[in-house]
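Have a look at the structure below, then the notes.
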Amino acid sequence: MPDATIIGYNNLLAGATADPVGAAVALIPSTAESYTDGTATVTFTAAANFTADYIAVGAHNFGTTGKTITIQYSTTTGGSFVNVFSGIPTSDNAIMQTFASLSIRRVRIVIAGGSGNFRLGVVYSGAYITMEQSIYGGHSPLTLSAQTDYQNNETDTGNWLSRSIVKRGLAGSFEFRHITASWYRSTFHPFVKSARTLPFFIKWRPTGYPLEAALCWTTGDIIPRNMGVRDFMEVTVPVRGYGDVQ
């Protein structure tokens, strides 16, 4: 289906050897931990080649700090690197770069320029899944959907003084319809099982809005429903996400 949502959830780079060693924290799917203020060229080498068609970087601050980031892959442990992305991100939202499926061994992130300390939070690589149908009408793009918890400060007479942000992030849902029952069971349900415990990267319209990728996690169980139309199912994926709240 043209411009259908893609999801990258099975990080085949997990467990790779990191150079420098401290950068291995970026292979742990926790946005609270990150590799910061160290060597600006990071290389992850997997124990064996794996099939991949995307590399994703999340929980970073490259947009805020104006860093130029270059994402590369190599098909061998000693071969040359090929660029899949190079530029200054316009925000701190996730970067999910796709390419033709191939067997890769190393992923390299090069960080340069800008000002301030960089933060490299989460790095995934592997094979993404493509939803059977596109979504558009009625969908709230996650990277535009802030969820903010406030603390308001007021006088005894009810006058407003100030507001503090207690917690912020992205929140929303993805609603998919007309999913064939066989595809749900064979392809989507493995993602459902993974999403119970692990975050994932998602692009709701990869071609139309290529910069609107998100690193997110579910806020409840993903439960499909039979639509009663032929053999189709529908499902809602409720999420919160890490991102640059606009």
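A Cβ distance below 7 Å, combined with a sequence gap of six or more or placement on separate chains, defines the contacts here; from segment 154-169, residues that are within 29 Å of residue 243 (Cβ to Cβ) reach no residue that is modelled with pLDDT under 75 and basic (Lys, Arg). Whether any residue in segment 57-80 is farther than 25 Å from residue 212 by Cα, of a type in the set (A, V, I, L, M) and not assigned by TED's automatic domain parsing to the domain that holds residue 201 is what I want to check. No, the conditions are met nowhere in segment 57-80.
To keep it simple, each residue is scored yes or no on (1) part of a loop (DSSP other than H, G, I, E, B); (2) modelled with pLDDT under 90.
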{"site": "117", "(1), (2)": "yes, no"}
{"site": "137", "(1), (2)": "yes, no"}
{"site": "140", "(1), (2)": "yes, no"}
{"site": "150", "(1), (2)": "no, yes"}
{"site": "163", "(1), (2)": "no, yes"}
{"site": "186", "(1), (2)": "no, no"}
{"site": "202", "(1), (2)": "no, no"}
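With respect to residue 175, is the statement that it is of a type in the set (Asp, Glu), at pLDDT 95 or above and touching a helix residue (DSSP H, G or I) at 6+ places or on another chain (Cβ under 8 Å) true?
Details: of a type in the set (Asp, Glu): yes; at pLDDT 95 or above: yes; touching a helix residue (DSSP H, G or I) at 6+ places or on another chain (Cβ under 8 Å): no.
It is false that residue 175 is of a type in the set (Asp, Glu), at pLDDT 95 or above and touching a helix residue (DSSP H, G or I) at 6+ places or on another chain (Cβ under 8 Å).
Of the residues making up segment 84-106, one or more are of a type in the set (Gly, Ala, Ser), under 17 Å from the mean Cα position of the chain (by Cα) and part of a strand (DSSP E or B).
Listed here are the residues, each with its yes/no results for (1) among the hydroxyl-bearing types (Ser, Thr, Tyr); (2) more than 23 Å from residue 174 (Cβ to Cβ).
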position	(1), (2)
11	no, no
26	no, yes
43	yes, yes
61	no, yes
66	no, yes
71	no, yes
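Right, residue 57: crowded, with 18+ Cβ neighbours inside 10 Å, farther than 21 Å from residue 200 by Cα and touching a residue at least 40 places away in the same chain (Cβ under 8 Å) or not? Against the criterion (crowded, with 18+ Cβ neighbours inside 10 Å, farther than 21 Å from residue 200 by Cα and touching a residue at least 40 places away in the same chain (Cβ under 8 Å)), residue 57 does not qualify.
The values are calculated or read from the model by the stated rules, or taken from the named source; none is laboratory data. What you are looking at is a predicted structure, and each value in this text was computed from that prediction instead of being measured. Methodologically, a virtual Cβ is constructed for each residue, glycine included, from the backbone with ideal geometry; neighbour enumeration extends over all protein chains shown.
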